[in-house]
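Here the structure is laid out as structure tokens; the discussion comes afterwards.
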Amino acid sequence: MPAEFVDVPARGRVFRSHRRVHLGDVDASGRLRLAAISRYLQDVATDDADDAGLADGSRVWVVRSTDIDIASLPRYHEAVELTTFCSGFGPRWAERRTIVTGDRGALVDTAALWVYVDRGSGRPLVLEEHFHTIYGEAARGRRVRGRLLHGRPSPDADVRAWSLRASDFDVLDHVNNARSLEAFEDELARCLPGRVPTRARVEYRGTVERGDPVELAGAVRCDGNGSELAMWLSVGGEVRVSATVAVDPEG
């Protein structure tokens, strides 16, 4: 099942940040891009960890999955507030809820699963006591699983090569999470032009590295509830990142 969107806790650590939606964040219609949402989420997570005194270059948090529920996308120059907190944990991972609200009525609800890893080896690490000291009260003892839900590309998926750019790579020297969503947004515009996303789930099974021959696959699914686009970024037949995006039936 996708992540549960639990309420903001009455007690415990809740971190808030404010920003304005700028030109590079929006598409041609003026709506906030999915890639920009992803960037907002990773930025506020970093700001929260820094503010809590958890910055440690030898250990990093790597996102495993993100669920996004869109009531109304922020628009160009809208002032938004990002409210984030820990909503659950497992032995080596934690769930972070982030709610984006705008002064013009925007509302985007998200829940992301982050794995705590050793930067050098990439090995998951057990959450330490200071993590629970800082975030435990807000999480309220809620346990979450790290299971991924997406399958392999469907036989009817349309496959094409996807070129990597120098700007795709971050300080960890692999394609940044938000950059992966730019590929999916391109596929969404190609397969379902003009449609507005209402819900998305992104899963990160592995990293995309320099020189990887990347393939982008997409397949439209339709049912009584509307249309959904399933997408995969694969290297040598191995899925590295996948996404499902549901769209507004009204366009």
Open item on the list: Looking at region 196-246 only, could you name the residues that are under 17 Å from Ala183 (Cβ atoms) and among the β-branched types (Val, Ile, Thr)?
Closed with: Val202, Thr207, Val208, Val214, Val220, Val235, Val239, Val241, Thr244, Val245
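For (1) at pLDDT below 95; (2) among the small types (Gly, Ala, Ser), each residue gets a yes or a no:
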{"site": "Glu4", "(1), (2)": "yes, no"}
{"site": "Arg11", "(1), (2)": "no, no"}
{"site": "Asp25", "(1), (2)": "no, no"}
{"site": "Ala35", "(1), (2)": "no, yes"}
{"site": "Asp51", "(1), (2)": "yes, no"}
{"site": "Ser65", "(1), (2)": "no, yes"}
{"site": "Ile70", "(1), (2)": "no, no"}
Open item on the list: Regarding region 133-143, can at least one residue be identified that is outside any helix (DSSP H, G or I) and on the phi < 0 side of the Ramachandran plot?
Closed with: yes
Task: Of the criteria (1) surrounded by 13 or more Cβ atoms within 10 Å (Cβ to Cβ); (2) among the charged types (D, E, K, R); (3) not in a helix (DSSP H, G or I), which one Asp156 fails - done: (1)
Open item on the list: Suppose we keep only residues that are part of a strand (DSSP E or B) and of a type in the set (A, V, I, L, M, F, W, C) within region 170-213. Which one would you say is farthest from Gly146 (Cα to Cα)?
Closed with: Val175
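Answer yes or no: is there a residue in region 224-241 that is loosely packed, with under 13 Cβ neighbours inside 10 Å, of a type in the set (Ser, Thr, Tyr) and either closer than 24 Å to Asp69 by Cα or not assigned by TED's automatic domain parsing to the domain that holds Arg64 (or both).
no
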TODO: Filter region 49-98 down to residues that are part of a helix (DSSP H, G or I) and more than 18 Å from Val117 (Cα to Cα), then give me how many there are.
DONE: 1
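The values are calculated or read from the model by the stated rules, or taken from the named source; none is laboratory data. These numbers come from a predicted model, not from an experiment. Note that we place each Cβ from the backbone using ideal geometry, even for glycine, and neighbour counts take in every protein chain shown.
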